[in-house]
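A.B. asks: Before I ask anything, here is the structure I am working with.
Throughout, read-outs are computed from the coordinates displayed, never taken from laboratory work. Bear in mind the structure is a predicted one, so any value in this text is a computation, not a measurement. When we count neighbours, we look across all protein chains shown, and the Cβ atoms used for this are built from the backbone with ideal geometry, even at glycine.
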Amino acid sequence: MGRLSGKVAIITGAAGGQGEAEARLFVAQGAKVVITDIQSHVEQVAAELGDDAFFLQQDVGDSQAWAKVVAETLRRFGRIDALVNNAAIFDPKPLIDTSAAEMEQHFRVNQLGVFLGMKAVIEPMKAAGGGSIVNISSVSGLRNIPGQFAYAASKWAVRGMTGNAAAELARFGIRVNSVYPGLIDTPMLAGNSPETNARFARSVPLGRMAEPGEVAEVVAFLVSDAASYVNGAEIAVDGGVRL
Ligand SMILES: NC(=O)c1ccc[n+]([C@@H]2O[C@H](COP(=O)([O-])OP(=O)(O)OC[C@H]3O[C@@H](n4cnc5c(N)ncnc54)[C@H](O)[C@@H]3O)[C@@H](O)[C@H]2O)c1
C-alpha cells in the first residue's frame, strides 16, 4: 500500500515539469490522478499512467472549465481528496517594462486559477470528509527578486490566499498548504540561457538546480495522511537559497 492509496487528486499544469513529476509519483504511491493542462500533450502522460490517470485539457483561469474538471473527476473516480494548484505562467520583466495586460494575464492564470481551483473542490472535499489542497507559489512569493514583477505579485497572492483558505477551510477537514520552489529544472526555465541557469545554480547553497521530483516528494507528503496536522504551512523547496 502506497502512502496515497485510495486518494483521488487533481493536478493542474501537468504537461511537464513538476506537475508531471507529481502525477507520476502520486500514481506510484497509490493515488488516482486527474491531470490537466492548457497544453494537450499532457494526454501522453495520462496514457502512460494507465487506468489510474486521465487527462482533461483545461485553462485554469476559466471557471466553467473547473466545473467540468470537478464533474469529470467525480464521474470517473467518485471523490476528490486532493488538489495541486501547480499551473502557472512566468514572463519575467521588471515593473517598468510590465504592461497592464501582462499583469492581468499573470493574475488570471497564477492567482485567479488558484482561487477557482480551491473554490471548485470545497464541496466535493466536504463530501469526502476532508481533503488537502497544495498551492504552488515560488521563492518569488517569499522574497523580493527583481525583474519578475507580475509573476512575483501573483505568487505573493498565492501565499496570502493559502493562509486565508487554511484558516477558513479547516473546519471542513480541508488542509491548505503552500510550496515555494526555488530553481527547478523544468520547461519554465527554458527561456533562460544555460549560462544564466548555471549562474543561478551557483547562488544556491546546495550548488545545483532541483529535479522536479524533489518538489513532488514534498507535495506528496502534504497530500498524505502523514501531514494530517499540517495546515497553512509555507514550505520552501529551494536548496536553502536566500536571494
Ligand atoms: N521551475 C522553477 O524554477 C520554478 C520556481 C518556482 C516556482 N515554480 C512554480 O512551479 C509550478 C510548476 O512549474 P514548472 O516549473 O513545472 O514549469 P512548467 O512550465 O513546466 O509548468 C507549468 C505548466 O502550467 C501550464 N499552464 C500554463 N498556463 C496554463 C493555464 N492557463 N491553464 C492550465 N495550465 C496552464 C503550462 O502549460 C505548463 O505545463 C508553477 O506554479 C511555477 O510557477 C517553478
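A.B. asks: Read phi for every residue in segment 161-177 and hand back ³J(HN,Hα) as whole Hz from Karplus 6.51 cos²θ - 1.76 cosθ + 1.60, θ = phi - 60°, with x for Gly and Pro.
C.D. replies: 5, 5, x, 5, 5, 4, 6, 7, 9, 4, 5, 9, x, 9, 8, 10, 10
A.B. asks: Rank these for me by crowding, THR36, THR196, going from fewest to most other beta carbons within 10 Å.
C.D. replies: THR196, THR36
A.B. asks: If you don't mind, another one. What's the magnitude of the charge dipole for segment 187-235 around its Cα centre, counting Lys and Arg as +1 and Asp and Glu as -1 at the beta-carbon? Answer in Debye, nearest 20.
C.D. replies: Taking the Cα centre of segment 187-235 as origin, the dipole is about 280 debye.
A.B. asks: Still on this model: Tell me which lysines have Cα within less than 24 Å of LYS32's Cα, excluding those fewer than 8 residues away on the same chain?
C.D. replies: LYS7, LYS68, LYS119, LYS126
A.B. asks: Check which residues have an amide H placed less than 5 Å from ILE184's amide H, if you skip close sequence neighbours.
C.D. replies: Long-range HN contacts for ILE184: ALA210.
A.B. asks: Which order results if TYR229, TYR180 are arranged by neighbouring Cβ count within 10 Å, fewest first?
C.D. replies: In order of increasing Cβ crowding within 10 Å: TYR229, TYR180.
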